[in-house]
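Below is one structure, written out as structure tokens; comments come after it.
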Amino acid sequence: MWVWIIIAVVLVLVVLWAVGVYNGLIKLRNLVQEAWRQIDVELKRRHDLIGNLVETVKGYAAHERGTLEDVMKARSAAMAGGQSPAQQAQSEGLLSQALGRLIAVAEAYPDLKANQNFLALQQELTSTEDRIASARRYYNANVRELNTKVETVPSNIVAGLFNIGRAEYFEVEGEERDPVKVDFGQRDATIPPPSGYAGGTPAGAPATPPAAVEPTPTPPAETPPPTQP
């Protein structure tokens, strides 16, 4: 009698453990899906901003047709539906490369760089890239936790019984890992010190060489008086 009671208690404990593990896996899977939806929202905003940026550049550099077409093709590929996180990351990386070439083209047009609409789009795009990076870190952290549960014993047994598999990371390889940076050529510029600094030279004024210091003549040594006999 006691044997059956012990067996029943063990079975109940096993079932309760399995239910707890299953609920934990489902919670992690839902967190991964929620995190991916946050990335998707930011990516759609990014695509819209890039489209508006292309239209703005086109108004000043319409003859840069090849660069503009490359950006729009990469944008269309990134906007294609049905992509896995890994495929989406690859598409976004190619879009970042094309966008970098577009920004390089803008460097040659001072009027474009001073355009308020272009500056506003650039600022919004940089902010969006920062939010994508933050959302990507949150997503990958949940993916790592889910994959650890799916692959380790004994939770992998429950994951296998209910077909709960690994999730893909959203990780852009190479230089496209970081948000797009727009530099208008000021990063390596030499900035003169302000004229208010002690001993500072006003901007644009040539540096004044120090005045030559004439050597002080050495007085001749005095001759002692002759000794009286």
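The values are calculated or read from the model by the stated rules, or taken from the named source; none is laboratory data. Owing to the predicted nature of the structure, the values given are computational and were not obtained by experimental measurement. Ideal geometry is used to build each Cβ from the backbone, glycine not excepted, and the neighbour counts take in all protein chains shown. Please note that ligands, DNA and RNA were not included when accessible areas were found on the heavy atoms of the full protein model with its side chains. Shrake-Rupley method; radii C 1.70, N 1.55, O 1.52, S 1.80 Å.
FRET efficiency for the S76 to A141 pair, using the beta carbon distance and R₀ = 22 Å, is estimated at 0.10. The share of accessible area on segment 1-136 that comes from carbon and sulfur is 60 percent, using a 1.4 angstrom probe. Rounded to the nearest 20 debye, the dipole magnitude of segment 34-107 is 100 debye, with +1 charges on Lys and Arg beta carbons, -1 on Asp and Glu beta carbons, and the Cα centre as origin. Going through segment 128-177, which trypsin sites (Lys or Arg not before Pro) have at most 14 other Cβ atoms within 10 Å and a DSSP loop state? When the trypsin sites (Lys or Arg not before Pro) of segment 128-177 are filtered for loop state and at most 14 Cβ neighbours within 10 Å, R166 remain. For segment 139-155, backbone phi angles converted through the Karplus equation (6.51, -1.76, 1.60; θ = phi - 60°) give residue-by-residue couplings of 5, 5, 5, 5, 5, 4, 5, 5, 5, 5, 5, 5, 9, 9, 7, x, 5 Hz, Gly and Pro being listed as x.
Can you tell which of M79, L95, T128 lies farthest toward the positive end of the dipole of segment 68-133, using +1 and -1 charges on the Cβ of basic and acidic side chains (Lys, Arg; Asp, Glu)? Most positive-ward Cα: M79. Here A18 and N163 are evaluated by their C-beta separation; at R0 = 25 Å the FRET efficiency comes out at 0.95. Positive-end ranking of I6, S155, L25 along the dipole of segment 1-159, with charges on Cβ about the Cα centre, is headed by I6. Between A62 and K27, the distance separating the two model label sites (each 7 Å from Cα on the Cα→Cβ line) works out to 6.0 nm. Straight-line cross-link partners of K44 among the lysines, defined as a Cα under 21 Å from its Cα and at least 8 positions apart when in the same chain: K73, K181. By the gyration tensor of its Cα atoms, with a ≥ b ≥ c the square roots of the eigenvalues, what is the shape of segment 4-104: rounded for a/c under 1.5, prolate for a/b over b/c, or oblate? Prolate is the answer for segment 4-104, as a/c is 1.5 or above and a/b outweighs b/c.
Set the Förster distance to 22 Å, then compute FRET efficiency between I7 and T148 from the Cβ-Cβ distance, nearest 0.05. Walk me through the numbers before you get to the answer.
Numbers: r = 32 Å, r/R0 = 1.46.
Computed FRET efficiency for I7 and T148: 0.10.
In percent, rounded to a whole number, the relative contact order of segment 1-99 is 22, using alpha-carbon pairs under 8 Å and six or more apart.
Debye-formula intensities of segment 1-60, expressed as log10 I(q)/I(0) at q = 0.14, 0.25, 0.30 Å⁻¹, are -0.65, -0.94, -1.05 (one equal scatterer per alpha-carbon, no solvent).
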